[in-house]
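Coordinate-derived values only; no laboratory data. Bear in mind the structure is a predicted one, so any value in this text is a computation, not a measurement. Virtual Cβ from ideal backbone geometry, glycine too; neighbours counted across all protein chains shown.
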Amino acid sequence: MNSTNREECFGSLRTTNRSQVFRICSTASSALRRVADEIEGKKQGRIHKQDWTPRSDLEFQLGASNVIYMLLDTKGKRFYVGEAVDLVKRLLQPHSSIPDWDLFRYDVLPPELTPYRVALERMLIRDFAAVLKNKKQVPSQEIAGCELANDKVDA
């Protein structure tokens, strides 16, 4: 890459805050991990886990597809589990069960788990209902003073 091309590609980074660049790169890590797996020839699918991220960083979630996600309303102490084909598209839609969520995290499932994504979501919701206060009166240990926001909880 010659210096002119380098300037075209990276020149805008000079005007961007370094912590912002780091945040963008680190939140895109699920997509980068999948690319790395492909380059390294890893045949077995892996679940790529993400850390809690502020709602304001949703737009930086590049390639976040086939996911199980969690939303957290830290002020209202509410927690929500969901699934999505496209995380950004799904989280841009209203969530009436937890409208004031401020943090999210997600796990990217490998393609071979796509047929089981909804079943995995249902399992996680039921598991969290066993430890968090919930709307369906599922017997719970009610730990952490947090409430499960999901409306659908399997018996």
- Between ILE143 and LYS89, what length comes free when the chain is fully extended (0.36 nm per residue of separation minus the Cα-Cα distance, one decimal in nm)? 16.3 nm
- Task: Could you list VAL153, VAL85 in order of exposure, starting from the residue whose Cβ has the fewest other Cβ atoms within 10 Å?
- Result: VAL85, VAL153
- Item | Sorted peptide list for 117-127, 137-147, criterion being average Cβ within 10 angstrom, highest first | 117-127, 137-147
